[in-house]
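Single-structure report; data block below.
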Amino acid sequence: MLQLTNAPAPARPPQLNEDPAVRAALIDFIGYATGSFTSDGSMIVTQVLDSLDSEFSTFEKGVPAGRKMLTAMDHGHGFERAALLLDDKGQLLTVGLVNGHCTVKSRDETLSCNPAPETVLTIFQAKDAKKSDAEPIIAWSKELPPMVASWAESEDPETRARAQKIATVEYITTAPEKDSWNASQLPADFPKAMLGLLPKNSHLVGAGVDGFFITPGLKGAPIYGDYDEIAGRPRHDFEVLLKTYAPFPEVVKFYQEQAKGAELRANDEKALIDGVAGGGTYKIEIKDEEEEGTSITFSGWRKEV
């Protein structure tokens with residue numbers, strides 16, 4: 001007779017992308033810039049974190065004394081993977097990302113990536129770095145994870161021909177201090193008095209006006225106002241969606257300082273803010289998404305409601 005054990009399951013080893021210190025270091029190094037590497041037009045930091053979705057390993061071949069390289073891969077197979085090169089103080093020097101330059105050509109198409117033999121190694125470096133500093137990253141990228149290597153070592157010529165190869169190495173200089181979005185991406189008549197309620201250390205997921213989003217990726221998608229109707233108020237005129245890797249308490253503190261005179265209600269996971277600025281009403285919802293960062297949903301009305 002089969003009797004299942006009641007013993008607790010062993011704890012899962014932590015994944016590298018779950019460490020808050022890793023997320024913070026990547027934001028400090030790359031900022032909120034976007035690009036198309038493992039996904040289309042999304043935050044580069046998010047794409048790197050998605051490629052660190054396993055227990056970390058250290059890579060030592062060619063790594064100079066006093067430096068350390070941490071590596072991990074996505075979902076256990078390693079077609080997309082990343083490496084972090086650190087100095088002797090633990091400061092991030094270089095980030096390597098094995099990827100397929102993935103894009104979405106139109107809203108009607110799915111994600112399209114380079115075939116495996118045309119894989120790209122993208123190397124992110126600070127502006128004062130030398131290309132030679134990244135040589136250990138290049139060496140790491142050529143050592144394939146077991147599942148990927150099984151294709152390259154197959155006895156079948158067609159399977160070997162489809163195996164992953166690093167066909168291109170590209171270098172990108174990071175600019176973490178650069179704003180990732182600006183007011184010109186918002187609706188033309190977005191109230192200037194409300195701009196200070198949108199933190200710049202964030203990624204603009206989407207923005208819209210009068211019922212529809214206007215930003216790439218979401219353009220034409222509807223803005224829903226069901227909660228407005230339930231609350232007995234008109235549907236909001238503006239909506240802005242932001243994502244930040246700033247910790248939830250820091251985001252709440254930002255609004256405590258910026259949203260003067262507003263009503264703020266918060267617990268450990270969510271905060272709601274209601275206020276008035278420039279003759280219009282605004283409502284802000286802040287959610288702690290844990291490893292995914294902190295989400296901010298801004299709703300605004302042209303008039304007080």
### Task
Using only Cα atoms, locate the centre of the stretch 89-126 and the centre of the stretch 5-74, then give the distance between them in Å, rounded to an integer.
14
### Task
Can you bin the stretch 196-305 into rounded, prolate or oblate? Criterion: square roots of the alpha carbon gyration tensor eigenvalues sorted a ≥ b ≥ c, rounded for a/c under 1.5, prolate for a/b above b/c, oblate for the rest.
oblate
### Helix 20-30 axis, angle to the chain major axis (alpha carbon atoms, nearest 10°)
90
### Task
Report the FRET efficiency, 1/(1 + (r/R0)^6), for residue 57 and residue 269, where r is their Cβ-Cβ distance and R0 is 35 Å, rounded to 0.05.
0.60
### Message
If I stretch the segment between residue 12 and residue 229 completely, what's the gain in nm (0.36 nm per residue apart, minus their alpha carbon distance), one decimal?
### Response
73.7 nm
### Query
Based on the Cβ-Cβ distance from residue 221 to residue 171, what FRET efficiency comes out when R0 is 41 Å, to the nearest 0.05?
0.70
### Query
Pulled fully out, how much extra length does the chain show between residue 114 and residue 162, if you take 0.36 nm times their separation in residues and subtract their Cα-Cα distance?
16.1 nm
### Task
Would you count, across the stretch 74-189, every pair of lysines whose alpha carbons are under 23 angstrom apart, provided the pair is eight or more residues apart or spans two chains?
10
### Query
Do the sum for the chain: with -39,500 (n - 2.57) for every DSSP H run of n ≥ 4, divided by all residues, what is the mean residue ellipticity at 222 nm, to the nearest 500 deg cm²/dmol?
-4500 deg cm²/dmol
### Query
For residue 179 and residue 130 in the same chain, what is the full-extension length gain: residue separation times 0.36 nm, less their Cα-Cα distance, in nm?
15.2 nm
## Note on the structure
Quick shape check on the stretch 16-173: root eigenvalues a ≥ b ≥ c of the Cα gyration tensor, a/c under 1.5 is rounded, otherwise prolate if a/b tops b/c, else oblate, and it reads oblate
### Task
Sticking with the crude label model, points 7 Å out along Cα→Cβ, report the distance from residue 305 to residue 149 in nm, one decimal please.
5.9
### Message
Give the separation of the Cα centroids, the stretch 219-263 to the stretch 189-208, in Å.
### Response
10
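Values in this text are rule-based calculations from the coordinates and carry no lab data. Predicted, not measured: the structure shown is a model, and the values here were computed from it. Please note: Cβ atoms are built from the backbone with ideal geometry, for glycine as well, and neighbour counts cover all protein chains shown.
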